[in-house]
Amino acid sequence: MSRIGRLPIPVPAGVTVTVDAENLVVVKGPKGELSQKVNKDIKVEQVGAEVIVSRPSDSKPHRSMHGLYRSLINNMVVGVTKGFEKVLVMEGVGYKVSDWNKAQLTIAIGYSHPVVVDAPAGIEFDCPEKSGTKIVVKGIDKQLVGAIAADIRAIREPEPYHGKGIRYENEYVRRKEGKAGKK
């Protein structure tokens, strides 16, 4: 049995989980609503204050989908209650967020022009420091938060010689030694 798939998903108060005939799971909570289409072979049912995900057989496709759909549904429940966030840090002289609001960032990152990043629906930006070197990407959809954070990081990835660029908050950038001088 899948170690992740067999765990029940606790549903906190204020969250409703509904499963329709086509196996569309809809999770509504205080922060919003998320939905996920589940394969017809995987059975999703709510028992009391828990959601149980089960599979019909031990075949390889069923085993792989079992843990996947359990994790996706659990992430939806966590997303509509607490939400998700990714923190990005900019390192480099003059690298900063020059202007921001919840729906748009303007980043000065060493190019001849400022880079503007628009937030899709369900994503908010925050810049907690006055220096403007931290960016917080918030939302209820874990996959979307991660994708937007990766897109922002891709604007200028950290380079290995000086460590300049945009990186995740706890990301370790392996530094390389520079060019060796002549002896």
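Before moving on, here are some points about what is shown:
- When residues of the stretch 1-35 are limited to those that are of a type in the set (Gly, Ala, Ser) and part of a strand (DSSP E or B), the one farthest from Asp58 (Cα to Cα): Gly32
- Single match in Gly132, Gly163 (criterion: in contact with an Asp or Glu (Cβ under 8 Å, 6 or more places away or on another chain) and at pLDDT below 90): Gly163
- Residues in the stretch 85-107 that are hydrophobic (A, V, I, L, M, F, W, C), within 18 Å of Pro120 (Cβ to Cβ) and open to solvent by 40 Å² or more (accessible area, probe 1.4 Å): Trp100, Ala103.
- Tabulated pairs, the stretch 121-132, first of a type in the set (S, T, N, Q) and open to solvent by less than 80 Å² (accessible area, probe 1.4 Å), second part of a loop (DSSP other than H, G, I, E, B) and at pLDDT below 90, C-beta under 9 angstrom, 6+ apart or interchain: none
- Residue in the stretch 139-153 that is hydrophobic (A, V, I, L, M, F, W, C), at pLDDT 95 or above and loosely packed, with under 13 Cβ neighbours inside 10 Å present: no
- Any hit, the stretch 156-173, residues being among the hydrophobic types (A, V, I, L, M, F, W, C), in contact (Cβ under 8 Å) with a residue 24 or more places away in the chain and in a loop (DSSP other than H, G, I, E, B): no
- If you go through the stretch 36-64 and keep only what is of a type in the set (A, V, I, L, M) and not in a loop (DSSP other than H, G, I, E, B), you end up with Val44, Val47, Val51, Ile52, Val53.
- Residues being aliphatic (A, V, I, L, M) and open to solvent by 50 Å² or more (accessible area, probe 1.4 Å) - total across the stretch 154-172: 1
- Hits in the stretch 33-83 - residues which are touching a residue at least 24 places away in the same chain (Cβ under 8 Å), open to solvent by 40 Å² or more (accessible area, probe 1.4 Å), over 20 Å from the mean Cα position of the chain (by Cα) and closer than 15 Å to Gly5 by Cα: Asn39, Asp41, Glu45, Gln46, Glu50, Ile52, Arg63
The values are calculated or read from the model by the stated rules, or taken from the named source; none is laboratory data. In this text, all values refer to a predicted model and were calculated from it rather than measured experimentally. In this analysis, Cβ positions are derived from the backbone assuming ideal geometry, glycine residues included, and neighbour counts consider all displayed protein chains. The accessibility values were calculated without ligands, DNA or RNA, using every heavy atom of the protein model including side chains. Shrake-Rupley method; radii C 1.70, N 1.55, O 1.52, S 1.80 Å.
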